[in-house]
Structure formats: C-alpha cells, structure tokens
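The values are calculated or read from the model by the stated rules, or taken from the named source; none is laboratory data. As the structure is a prediction and not an experimental result, all values here were calculated from the model. We place every Cβ from the backbone using ideal geometry, glycine too, and count neighbours over all the protein chains shown.
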Amino acid sequence: MASHRRVIIASVPDGPLEPGHFAVQSVPSPDCGEGEVLCRTQAFTIGAGQRAGLQGSASYAGAPVAGVVMGGTGLAVVEASKSPDFKPGDVVVGPTGWDELAAVKASALRRVDGAADASLHLGLYGTNGLTAYFGLHEIGRPERGQAVVVSAAAGSVGHMVGQFAKRLGCRVVGVAGSAEKCGVLTGELGFDAAVNYKAHDFRDQFRAATPDRIDVYWDNTGGAILESALFCMNTFGRIVCCGAVSAYDGAKPAAGPRGVPGLLVNNQVRMEGFIVYRFADRYDEARKAMAQWVAAGEVQTRTTEYRGLESAPQAFVDLLAGRTIGTTIVRLD
Ligand SMILES: NC(=O)c1ccc[n+]([C@@H]2O[C@H](COP(=O)([O-])OP(=O)(O)OC[C@H]3O[C@@H](n4cnc5c(N)ncnc54)[C@H](OP(=O)(O)O)[C@@H]3O)[C@@H](O)[C@H]2O)c1
C-alpha cells in the first residue's frame, strides 16, 4: 500500500514551542472521497497566529488537540479529484496541513496560476497579505502624510502593511527585533525609520522615530510595543489590533487591559480588533489590487524558506524566535 508522510501535533505545548511538540509519521495514503480532491502538497506556509491556535487563545481555531495533523495552508497539485470543479494537474491553494498528500474538500480549495511562485500564493495573496490589505485599508484607514507604526514589521504581515502604507503616502516606522531586520525595512522595503525593540533604549528611540506621534499603530505584538505606542497616539488615532505574538509562545495569558481605557479616552483613539475572514467576500478584489502593485514595483515580498517536511517544526520555532524575515514557507517539491 502506498504511503506518505505528515507532521502531527505530538503534544499541545504549555510553554515555549519546541520541535519535539511535533512528530513526523508515515501513514497509508488517503483515498479521495466524494466531493474531495487529493492534493500533493508542494509548499505550505507557517504563520505566527498558528501558535495562538496551539495555545487555545484563537477562539475561531477551536481547542488545540494532540494526535492530529498540524493545520496550515498549502499550495498543491491535484492528483485525483471526485469534484467536478478540479481535475488532476490543477494547482490549488487550501488547507492541506503539514501533509505530503491530503484529501481536501473541494469547497475549501482555490485554483491558482501554477506559473506563479508559491511564495506569492501563500504570502501576498494568502491569509497574511489579505490581512495586511484589509486591516490597513478598512480598519486603520491612514491618510497621505499620516504617521503609521507597524510592530513585527519584518514579519509576513508586517512587511506588507508597511509597504501598503508607503504606497498611500504615509510616513512609516517599523518595529522589529534586530538591527538586521531594521536594515531590511529601511534599506530595502522603503520604511522611513525602524526601531529595534530589543535595544536597551527602545522607548527613547521609539519616541525619536515618531516626532509627529502616531496616527495609525498596527499591532502585531501586544506587550511592551503596544504600551509604547499607546502613549504616542495622536488625537483620533487608530490602533489596528491584528495579533499579540508577544503573548503566544507560552501558557494562555491572563486577560484584561490595565491602563488602556484612559489612554484611549484622552486622545479619542479607536482601537479595533479584526479577523481577516470578515472580508472573505472581497478577497478577489484585494488579490487583483496587490498583483497590480507587485507588477508596478510598488510592493516587494520577502520569504524565509525551509526545505522538507521534517524542517517544519524548526521553522515554526524559528518564526516565533524572530529568526525569519517575511513569510515563512516550507517547500516539499
Ligand atoms: N487578525 C487576523 O486575521 C490575522 C491574520 C493573520 C495573522 N495575524 C497576526 O499577525 C501577526 C503576525 O503574524 P505573521 O504570521 O506575519 O508572523 P511574523 O510577523 O512573520 O512572525 C512573528 C514575528 O513576531 C516577532 N516577535 C516574536 N516574539 C515577539 C515579542 N515578544 N515581541 C515582539 N515581537 C515578537 C518576531 O520578529 P522580531 O524579530 O521582530 O521579534 C517574529 O518573527 C500575528 O500576531 C498573527 O497572529 C492576524
């Protein structure tokens, strides 16, 4: 009987993630059920939000359980299909998980241009690119000349948010965890300034980098960076709550804001959380716009790539530890 390999969650982490929380298994290859498509995975992406899922703090993802295939979005070639919508050889994007061969419901798949690189389908046109697009344009709504600050700015969502804001004519400051990342932001991706939040004088540097204060703060991290931004918001500023990666890699954090309400009231700041799925009926519009920006050279994407299924657990650990830049992708092809 034919077999294939997959990565399962061996145990649900209750502290920092380690590769040992996962295990590679060799299992009999699945059959394709009615309405399903058998997908040979070429690549999949890993996002920081998946750690929130494993922590149990992403309510939309349900409670994490051990013994199941690690979830995730992959780019795949159709090997067999029991759906009229797909045929062998089609290139698709969908919830393959960390699995070399997955039987996926046809309704969860999207056919894509096989000639384009996996990194575009999984990054810019994937969940993280869509998150950057809708979060910035619909929630943050910065105007030309306004000051936008982005945390985890060299990460997948962050590096796209910053470039989208630059397109709109904003002054963009990135916050990232190393001098190398700050150099990429200002030297390659067009950010106006970048601040290393691990520097001993971070708060001073942060204030110096935001002389006109902040109109839109994009929060990927929560924690100390959010606290710094809260004190620098302009009147009628917006805080886009996208995620809280500073609180993901451990036990479920205690809930409850402390000094936040007063800071929001005084400057009449709007702080709004969102989940990208809210905009699902507009994804095509966003992908079309972003494709034009790439073609026009207005937006560049960055990826950190790993090879082989067995590299995925380490890739996930590296992502959380700040060792990746841009979108993290594991290639199986
Ligand atoms: N709302 C939505 O619908 C939605 C959808 C997708 C993603 N998200 C959220 O978007 C955020 C970014 O996700 P991503 O997939 O693009 O990940 P990412 O930014 O590519 O990777 C996460 C980065 O966070 C930084 N980080 C780690 N620990 C930190 C800490 N304690 N303080 C500050 N920064 C820290 C690291 O970079 P450094 O080197 O800079 O530390 C790391 O590389 C996450 O919060 C995720 O949950 C939300």
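For this structure, a couple of remarks:
- Leu38 being over 29 Å from Asp117 (Cα atoms) and either in contact with a Lys or Arg (Cβ under 9 Å, 6 or more places away or on another chain) or part of a loop (DSSP other than H, G, I, E, B) (or both): no
- The residues listed here are Ala295, Ala289, Ala280; of these, the one that is within 12 Å of the ligand (Cβ to nearest atom), out of contact with any Lys or Arg (no Cβ under 8 Å at 6 or more places or on another chain) and small (Gly, Ala, Ser) is Ala280.
- Qualifying residue in the range 257-274 (condition: under 16 Å from the mean Cα position of the chain (by Cα) and either surrounded by 17 or more Cβ atoms within 10 Å (Cβ to Cβ) or of a type outside the set (D, E, K, R) (or both)): yes
- Of the residues making up the range 144-161, not one is touching a helix residue (DSSP H, G or I) at 6+ places or on another chain (Cβ under 9 Å) and free of Cβ contacts under 8 Å to residues at least 40 places away in the same chain.
- All of (1) surrounded by 15 or more Cβ atoms within 10 Å (Cβ to Cβ); (2) hydrophobic (A, V, I, L, M, F, W, C); (3) within 21 Å of Thr127 (Cα to Cα); (4) within 15 Å of the ligand (Cβ to nearest atom) hold for Ala229 with one exception: (3).
- Taken over the range 170-181, residues that are hydrophobic (A, V, I, L, M, F, W, C) and either more than 9 Å from the ligand (Cβ to nearest atom) or surrounded by fewer than 20 Cβ atoms within 10 Å (Cβ to Cβ) (or both) amount to 4.
- Residues being modelled with pLDDT under 95 and of a type in the set (Val, Ile, Thr) - total across the range 108-141: 0
- Verdict on Phe202 being free of Cβ contacts under 8 Å to residues at least 40 places away in the same chain, within 16 Å of the ligand (Cβ to nearest atom), over 21 Å from Ser57 (Cβ atoms) and not charged (D, E, K, R): yes
- Inter-residue pairs, beta-carbon under 6 Å, first under 28 Å from Glu18 (Cα atoms) and in the range 247-270, second among the aliphatic types (A, V, I, L, M) and surrounded by 14 or more Cβ atoms within 10 Å (Cβ to Cβ), 6+ apart: Tyr248/Ala52; Asp249/Leu17; Asp249/Leu320; Pro253/Ala247
One line per residue, one yes/no per condition, for (1) farther than 17 Å from Ala209 by Cβ; (2) touching an Asp or Glu at 6+ places or on another chain (Cβ under 9 Å); (3) more than 16 Å from the ligand (Cβ to nearest atom); (4) assigned by TED's automatic domain parsing to the domain that holds Ala194:
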| site | (1), (2), (3), (4) |
| --- | --- |
| His137 | yes, no, no, yes |
| Gln146 | no, yes, yes, yes |
| Ser156 | yes, no, no, yes |
| Gly162 | no, no, no, yes |
| Lys166 | no, yes, yes, yes |
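- Residue count for the range 298-327, restricted to those that are within 15 Å of the ligand (Cβ to nearest atom), in contact with a strand residue (DSSP E or B) (Cβ under 9 Å, 6 or more places away or on another chain) and not charged (D, E, K, R): 14.
- Test: Gln25 is touching a residue at least 60 places away in the same chain (Cβ under 8 Å) and in a strand (DSSP E or B): no
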